[in-house]
Amino acid sequence: MLVDFELIKRAQTGESAAFNEVVLAYRKRTLGTIARLISRPEDVEDVAQEVFLRLYFSLDQLRTAEVFEPWLYRLTVNAAYDYLRKHRRRMESRMSDLSEQQVMLADAQAGGRVDHDARQQRQVRETVDAMLSAVSEADRILLTLKEVEGLSLKELEKIYRVNENALKVRLFRARQRVLKALGDGSKEARGKGTARAEV
Amino acid sequence: MEWKNRGDENTELDGWFRAYREACPAPEPSANFMPEIWQRIEERQRSVFYLGRWARTFATAAAVLSLAMAAYLYIPHERNSILYVESYVEALAAGHAVDSPDFEPSMDEL
């Protein structure tokens, strides 16, 4: 816990200063989680503010301060899920609008501006985003929380209020789909490489 | 062979996820982060307040209208009033009085 239970209880009574302290303590962590869940830096802060807004109006429903962190995670997951669902179509059309040449040109131009590390990080983000797009928004969030955020099954159980076995099955299936996407992507890349070599 | 490949793929995937975590560090919140949250909270509270006020006004108007209708129905009205609408049974009874029966025997029958 990043704050003590007393502070959360004070925030629950409507004390603005206490709520401010809670936000200050958790905002960095929440921003990080959202950044990895939605992978759109320009919208991270907006979604994080939505999370704290929901927290403010639902804090009185929290029965015990001990479950505050899973509660905040649940609010984060719900806000990220709403965002992903709303923006899915827009993201798909944006990707399909770009031809391969345009993508290569943008890569080359970007390459001149940013340094090697930043370029590599961008590649990693794009690759993992592409792999995660093979699964539903709900599975993407679950996988990110488990594999990227490093949450345990016990913690996920508290967040999702689902038993461990159900989570294991869901994670396994999501992982299989991502592995398939990874395999297909590698094959495609190899195919393109061969075609280019032949030309 | 299949198992070995799947194991390699799983290791590769774990590597991608680790790299992804490093490639997506937590961004620094902007200076406007807290003021914007409070602004949004106040906006939401204001809209909830107006919605509540509108709902109370609507409920009061509905209650007043119900009372007016109840009072109107409770007060007896005269039959020749323009607001009085006679029922089907009443109209039938008025048109078929006992002293003027529909069936009148003809002279032959008598």
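Every number here is computed from the coordinates shown, using simple stated rules; none is lab data. Here the structure is a predicted model, which means the values were calculated and not measured. Cβ placement follows ideal geometry from the backbone for every residue including glycine, while neighbour counts extend to all protein chains displayed.
General observations
- Averaged over B:30-42, number of beta-carbon atoms from partner chains that fall within 10 Å: 4
- FRET efficiency for the pair A:A25 and B:T60, taken as 1/(1 + (r/R0)^6) with r the Cβ-Cβ distance and R0 = 51 Å, rounds to 0.70.
- Estimated FRET transfer efficiency (A:R88, A:V162; beta-carbon r; R0 22 Å; 0.05): 0.40
- Length gained on full extension, A:Q61 to A:R40: 4.5 nm, using 0.36 nm per residue less the C-alpha separation.
- Ascending count of other beta-carbon atoms within 10 Å, so fewest first, for B:Y20, A:Y160: A:Y160, B:Y20
- Efficiency of FRET from Cβ geometry, B:Y72 and A:K154, R₀ 41 Å, rounded to 0.05: 0.05
- As a rough guide to protection, the peptides A:72-79, A:53-60, A:22-29, A:162-169 ranked by mean Cβ packing within 10 Å, highest first, stand as A:72-79, A:22-29, A:53-60, A:162-169.
- Label-point separation in nm, B:R53 to B:A31, each point 7 Å along Cα→Cβ: 3.5
- Of the residues B:F17, B:F49, A:F52, the one with the fewest other Cβ atoms within 10 Å heads the list, and the complete ranking is B:F49, B:F17, A:F52.
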